[in-house]
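One structure is given here, and the rest of the page talks about it.
Since every read-out is calculated from the coordinates, none of them should be taken as a lab result. Here the structure is a predicted model, which means the values were calculated and not measured. In this analysis, Cβ positions are derived from the backbone assuming ideal geometry, glycine residues included, and neighbour counts consider all displayed protein chains.
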């Protein structure tokens with residue numbers, strides 16, 4: 001009897017182990033769906049539309065003739081479709097799949113989020129029945145976000161690491177939670193305003209003053225803290241940096257949060273100063289300027305990884321500095337545009353292009369990124385293109401150097417090339433990468 005019970009217990013344990021393994025494989029495939037969706041929005045509705053907008057603006061020496069809805073469609077595809085899909089996918093993947101219902105929640109979320117973003121892009125570009133499609137897309141995105149928040153609320157791990165010195169939640173987690181709140185706030189803000197537009201607006205685009213506040217929330221309330229949080233989590237180990245300076249990093253989060261609130265209230269100049277101070281405190285807190293205390297870990301990525309992993313924080317300072325300049329002197333949108341481009345492309349996109357090849361293959365169960373050479377080429381093209389764009393945009397828009405209009409298309413070509421190379425590399429990794437699960441199957445079956 002005892003022997004029979006032991007056999008039953010072993011069988012149940014083995015079955016549970018197989019269930020957990022199967023759940024991890026399903027989570028990996030769902031993450032591939034999120035990442036593939038993000039790649040699509042990044043390359044086509046996002047960057048390609050942005051490139052065509054840039055060509056038209058350069059040809060006419062201004063954006064007055066261009067429908068604002070086109071530019072908003074480009075931005076929505078980039079932030080919600082690309083970065084948003086990546087963040088939601090990684091967020092869901094990090095949650096333990098307790099049962100099939102947890103996987104079903106994620107499936108429902110991706111089935112709402114991806115078509116929702118696509119509908120918004122379609123309505124903004126073509127204007128077809130936009131009074132129905134724009135609020136519908138926003139509601140779909142809002143429900144997908146609610147599903148994500150509900151799943152995250154039930155994710156309570158007793159083994160969650162705490163800061164050893166204080167016993168409190170690690171600051172990198174605080175930053176990620178702060179970014180999640182900013183992202184959710186942007187999604188619900190967007191949904192509310194899209195319904196208002198549908199009821200009384202003249203076109204599927206936000207009024208300028210409202211759009212300014214919304215962009216502060218997206219850029220500094222979502223993108224900045226999410227990159228700061230994951231930087232605090234991974235860069236000290238990957239770059240061999242000294243330990244996180246908690247007081248400075250906490251100050252950076254406080255300044256950023258207060259700056260975002262000031263921006264939402266319309267105090268743009270105060271917001272610019274607060275956000276710039278937060279950016280400086282973040283760089284010092286992370287120790288990005290300090291001498292490494294250990295060798296950088298470049299296994300599985302290009303040897304230039306340490307250099308490009310620091311570049312985003314140079315762009316962060318550029319974005320903050322341009323933001324101060326714009327708050328006092330912008331008259332035609334060029335300085336604001338350069339500041340936001342430095343933040344979204346120079347800071348956020350460069351970090352994704354650098355860290356992504358290091359961590360995303362592990363998340364999707366692949367041994368390593370498909371091509372190290374493609375990784376380097378994508379980063380070089382992105383950096384050169386972004387440098388030209390950020391340098392030329394204020395000079396052109398503010399009529400300081402008219403020749404700068406001719407540099408903008410070249411910057412667009414280089415950035416588009418970098419984006420397409422990154423998309424190709426990640427797509428090949430997803431489709432043709434060597435699976436990390438292959439070696440595990442025989443052991444599981446034995």
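Things worth noting here:
- Residues 120, 299, sorted so that the one with the fewest Cβ neighbours within 10 Å comes first: 299, 120
- Mean Cβ count within 10 Å, highest first, over the residues of peptides 334-344, 230-240: 334-344, 230-240
- Ordered by the count of other Cβ atoms within 10 Å of each Cβ, fewest first, 27, 406 give 406, 27.
- All C-alpha pair distances within the chain, sorted into 10 Å bins from zero, spread as 4, 20, 31, 27, 11, 4, 2, 1, 0 percent across the bins.
- Gain on full extension, evaluated as 0.36 nm per residue between residue 307 and residue 247 minus their Cα-Cα distance, stands at 19.0 nm.
- Where a label projected 7 Å from the Cα of residue 149 along Cα→Cβ would reach, residues of segment 197-226 with amide N under 17 Å: 217-218, 221-223
- Per-residue [θ]222 nm for the chain (sum of -39500 (n - 2.57) over DSSP H runs n ≥ 4, rounded to 500): -24500 deg cm²/dmol
- When you restrict to C-alpha pairs under 8 Å that are six or more residues apart and normalise by the size of the chain, the relative contact order lands at 14 percent.
- Intensity falloff of segment 293-446 expressed as log10 I(q)/I(0), Debye formula with alpha-carbon point scatterers, at q = 0.18, 0.19, 0.21 Å⁻¹: -1.01, -1.07, -1.20
- On Cα atoms only, tilt of 246-264 relative to the major axis of the chain in degrees: 50
- Put simply, when 212-224, 103-115 are sorted by average Cβ atoms within 10 angstrom per residue, most first, you get 212-224, 103-115.
- Against the chain, whose longest principal axis comes from its Cα atoms, helix 268-286 is set at around 40 degrees.
- Relative contact order (%) - segment 356-415, alpha-carbon pairs under 8 angstrom, separation at least six: 31
- Segment 192-228 versus segment 278-300: alpha-carbon centroid distance in Å: 32
- Between residue 362 and residue 56, the contour length at 0.36 nm per residue exceeds the alpha carbon distance by 106.1 nm.
- Two-decimal ratio, segment 224-352, of alpha-carbon radius of gyration to 2.2 N^0.38 Å: 1.09
- Spatial separation of Cα centroids for segment 374-430 and segment 82-126, in angstrom: 28
- Relative contact order of segment 123-275: 25 percent, from C-alpha pairs under 8 Å at least 6 residues apart in sequence.
- Under the shape rule built on the C-alpha gyration tensor, where the axes satisfy a ≥ b ≥ c, segment 278-320 is oblate, since a/c reaches at least 1.5 while a/b does not exceed b/c.
- Principal-axis tilt of helix 372-397 within the chain, Cα atoms, nearest 10 degrees: 30
- In plain terms, the residue of 254, 260, 390 with the fewest other Cβ atoms within 10 Å comes first and the most crowded comes last, giving 254, 390, 260.
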